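**Student:** First the structure, then my questions, so here it is.
The values are calculated or read from the model by the stated rules, or taken from the named source; none is laboratory data. All values reported here derive from a predicted model rather than from experimental measurement. Ideal geometry is used to build each Cβ from the backbone, glycine not excepted, and the neighbour counts take in all protein chains shown. For accessibility, only protein heavy atoms count, side chains too; no ligands or nucleic acids. Shrake-Rupley method; radii C 1.70, N 1.55, O 1.52, S 1.80 Å.
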Amino acid sequence: MLVLVVDSSTPAVTAALVEVSADGVASRAHRCTVDARAHGELLAPQVDAVLADADARPRDLDAIVAGLGPGPFTGLRVGLVTAATMGQVLGIPTYGVCSLDAIGYPAASGVPVLAASDARRKELYWAVYDGTGQRIVGPEVSAPAVAAARARELGATIAVGDGAHRYAEVLDLPVRVEPRYPDATVLALLAAERIRAGASSERLIPLYLRRPDAVAATGRKPVLP
Amino acid sequence: MADEPLILGIETSCDETGVGIVRGHTLLADALASSVEEHARFGGVVPEVASRAHLEAIVPTMDRALTEAGVTLADIDAIAVTSGPGLAGALLVGVAAAKGYAVAAEKPIYGVNHLAAHVAVDTLEHGPLPEPAIALLVSGGHSSLLLVDDLARGVTPLGATIDDAAGEAFDKVARLLGLPFPGGPPIDREARAGDAASIAFPRGLTAAKDLAAHRYDFSFSGLKTAVARWVEARQRAGEPVPVADVAASFQEAVCDVLTSKALAACRAQGIETLVIGGGVAANSRLRAMAEQRAEKYGIRVRVPRPKLCTDNGAMVAALGSHLVAAGVAPSRLDLPADSALPLTTVSV
Ligand SMILES: [Zn+2]
């Protein structure tokens, strides 16, 4: 089955096509651009590009998998609205996966691991995974020192993800280089059972983890010449 | 008519999620979801709250529009979307949605200017717009006077507010008078029972010295302060505030400035058509005053019905339809949401 994967929860804007078969998940095409400020510009052309790379049409898609975050809100929504609208047009199911799982799961190798991405405002989005890659705590958002303390309590001996790179000193854990950002093939892998079973489509609800800043705006910016 | 292009429009620049569908100048669907109630307790639109609401509303609103029009996305010829100006995060949801629809349905996309769409929507009610025309766009987010010489390719800004938008002034005065948000409808309602001549509130930028530099600009901040002062003085004196009279006198001042400047622009340029759009165009006094004053000069005033004046998807579809008919090329798939998109850019 041909599956489109999108993730825009980190500065890495990702679109990929994967083939989900009875015995595995294989990448067919992959585009990723690291740019924290251009999710809206980059994602749709990348979706177009992976379809072209795989010589496929949108109507050939069987399902869509999207990273639900957590991630900076504005960028995160781009991936989710892209997946939801495409699923609506094509009449195919959409499935959500916690984006941190696509960093923590592939990094697990017998010992607990802390997966973290940058939450801005000097905070991290993070979760802790056991030695088999199952999430045991999180996703949460907090200061790096708080995440580090919790990870240590849970026995984590390594950290992974862009957030771990950025705050390596505070976390004081050895940092695994890859994956730095959510891995598209892993996102599909974590939804593979649902895809194969033809599970019903899921509403893609972002993992915001923070409330909106409830400071009233003055409305739209005045449009001065 | 059946061979005119079928155009879809998506609007998310502020707190309304709108999806409209038109064929030529014919409106087929105008579905709307609003997060206005979620903002009411803040007295203004909270951008992140609006953005979250757009994400939740876009798919069901699209479903309603398609059902209302009795078409599918496969039937659509092009997708138009507001790419600016507006709230950055809110715009981005609509732009990304439009791209998702465009990619999946393999349709061309047009990123369009929200203000030009406020002008274009009138074609759904009154047919093709004579050009050149003058447009007065007044809402909670914008107050602009434009020369529309070619709606497909560019409009010329003549003037704009130098402080608050007209709709913002309505919101603030409503709050002052203990009326609900948004302030336009309750002030309109209260004003009907009031005496518009009872209080002489200031008319911003209408004095001879201001007209030199700000002939077509607006200022509502001084008016808002004057109303606040007047109300506070009453309250301090322990006297009741005559809400209807204040509402009527305030509304009269706003409408007086808006219509006199708009008509002055028409007369100075020898233009016979004035289009009024934006949420404040739903104000009954503004409509009546504009028509009454324009008649003297033989100027025709075109104001779409209130539902088309406020932000909606139909206006975006109407502009998209106009662009397609004029042979304007579609936008690229990497088109950005631009919160400060200039008026001179009708489509990106
Ligand atoms: Zn508007």
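**Student:** Name the residue farthest towards the positive end of the dipole of the protein assembly as shown from the options B:194, A:16, A:129, assuming +1 on Cβ of Lys and Arg, -1 on Cβ of Asp and Glu, about the Cα centre.
**Tutor:** Sorting the options by dipole projection puts first B:194.
**Student:** Tally up the carbon and sulfur contribution to the accessible surface of chain B as a whole percent, 1.4 Å probe, everything protein left in place.
**Tutor:** 51
**Student:** Restricting attention to the range A:30-120, which trypsin sites (Lys or Arg not before Pro) occupy a DSSP loop and are surrounded by at most 15 other Cβ atoms within 10 Å? Numbers along the way, then the final one.
**Tutor:** Values: sites: A:31, A:37, A:59, A:77, A:120; in loops: A:37, A:120.
Hits after loop and neighbour filter: A:37, A:120.
**Student:** Probe of 1.4 angstrom, ligands and nucleic acids ignored: what's the accessible area per residue over the range B:1-114, in square angstrom?
**Tutor:** Heavy-atom accessible area per residue stands at 29 Å².
**Student:** Quick one: what are the phi-derived ³J(HN,Hα) couplings along the range B:49-54, Karplus 6.51/-1.76/1.60 with θ = phi - 60°, whole Hz, x for glycine and proline?
**Tutor:** Working through the residues one at a time gives 5, 5, 4, 4, 5, 4 Hz.
**Student:** Can you give me the distance in nm between label points at residue B:236 and residue B:150, each placed 7 Å from the Cα along the Cα-to-Cβ direction?
**Tutor:** According to this spin-label approximation, the distance is 5.7 nm.
**Student:** Let's see if you can work this out: charge +1 on each Lys and Arg Cβ, -1 on each Asp and Glu Cβ, no other charges. What is the dipole magnitude of the range A:100-171 about its Cα centre, in debye to the nearest 20?
**Tutor:** 140
**Student:** Taking only protein heavy atoms into account and a 1.4 Å probe, give the accessible area per residue of the range B:131-302 in Å².
**Tutor:** I get 40 Å² per residue for the range B:131-302.
**Student:** Give me the log10 of I(q) over I(0) for the protein assembly as shown at q = 0.11 Å⁻¹, as the Debye formula computes it from C-alpha points; what are the numbers?
**Tutor:** -0.96
**Student:** So what is the diffusion coefficient of the range A:102-225 in µm² per second by Stokes-Einstein at 37 °C and 0.692 mPa s, using a Kirkwood Rh over Cα pairs?
**Tutor:** Answer from the Stokes-Einstein relation: 205 µm²/s.
**Student:** Taking the Cα centre as origin and putting +1 on Lys and Arg beta-carbons and -1 on Asp and Glu beta-carbons, what dipole magnitude results for the protein assembly as shown, to the nearest 20 debye?
**Tutor:** So the dipole magnitude of the protein assembly as shown works out to roughly 1220 debye.
**Student:** Between rounded, prolate and oblate, where does chain A land on the alpha carbon gyration tensor, with a ≥ b ≥ c its root eigenvalues, rounded for a/c under 1.5, else prolate if a/b exceeds b/c?
**Tutor:** It is oblate, given that a/c is not under 1.5 and a/b is not larger than b/c.
**Student:** Just how large is the dipole of the range A:29-92 about the Cα centre, in debye to the nearest 20, putting +1 at every Lys and Arg Cβ and -1 at every Asp and Glu Cβ?
**Tutor:** 220
**Student:** Please report, as a whole percent, how much of the solvent-accessible surface of the range A:100-171 comes from carbon and sulfur atoms (probe radius 1.4 Å). Please report the intermediate quantities before stating the final value.
**Tutor:** Values: 1420 of 2860 Å².
Of all accessible area on the range A:100-171, carbon and sulfur atoms account for 50 percent.
**Student:** Right, something else. Can you bin every Cα-Cα distance in chain B into 10 Å intervals starting at zero and give me the percent of pairs per bin, rounded to whole numbers?
**Tutor:** Histogram of Cα-Cα distances, whole percents per bin: 6, 26, 33, 23, 10, 2, 0.
**Student:** Nearest 100 Å² is fine: what is the total accessible surface buried where chains B and A meet, probe 1.4 Å?
**Tutor:** Details: alone 13980 and 11070 Å², together 21420 Å².
Buried area between the two chains comes out at roughly 3600 Å².
**Student:** In the range B:131-302, with Lys and Arg counted as +1 and Asp and Glu as -1 at Cβ, which of these residues, B:143, B:132, B:214, has the Cα nearest the positive end of the dipole, that is, farthest along it?
**Tutor:** B:214
**Student:** Further, regarding this structure: Summing -39500 (n - 2.57) over the DSSP H runs of n ≥ 4 in the protein assembly as shown and dividing by its residue number, what mean residue ellipticity at 222 nm do you reach, to the nearest 500 deg cm²/dmol?
**Tutor:** When only DSSP H runs of four or more count, the value is -12000 deg cm²/dmol.
**Student:** Also, quick follow-up: With every protein chain kept in place and ligands, DNA and RNA left out, what is the accessible area per residue of chain A? Probe 1.4 Å, answer in Å². All intermediate terms of the calculation are to be shown ahead of the outcome.
**Tutor:** Working: 9200 Å² over 225 residues.
In whole numbers, chain A has 41 Å² accessible per residue.
**Student:** Out of the range A:143-206, which trypsin sites (Lys or Arg not before Pro) are coil in DSSP terms and have no more than 12 other C-beta atoms within 10 Å?
**Tutor:** Passing both the DSSP loop test and the Cβ count: A:203.
**Student:** On average, how much area does the Cα convex hull of the range B:131-302 cover when viewed from any direction, in nm²?
**Tutor:** Numbers: hull surface 39.3 nm².
That works out to 9.8 nm², a quarter of the Cα hull's surface.
**Student:** Work out the charge dipole of the protein assembly as shown with +1 on the Cβ of Lys and Arg and -1 on the Cβ of Asp and Glu about the Cα centre, then indicate which of B:174, B:108, B:328 is farthest towards its positive end.
**Tutor:** Going by the charge dipole, the pick is B:174.
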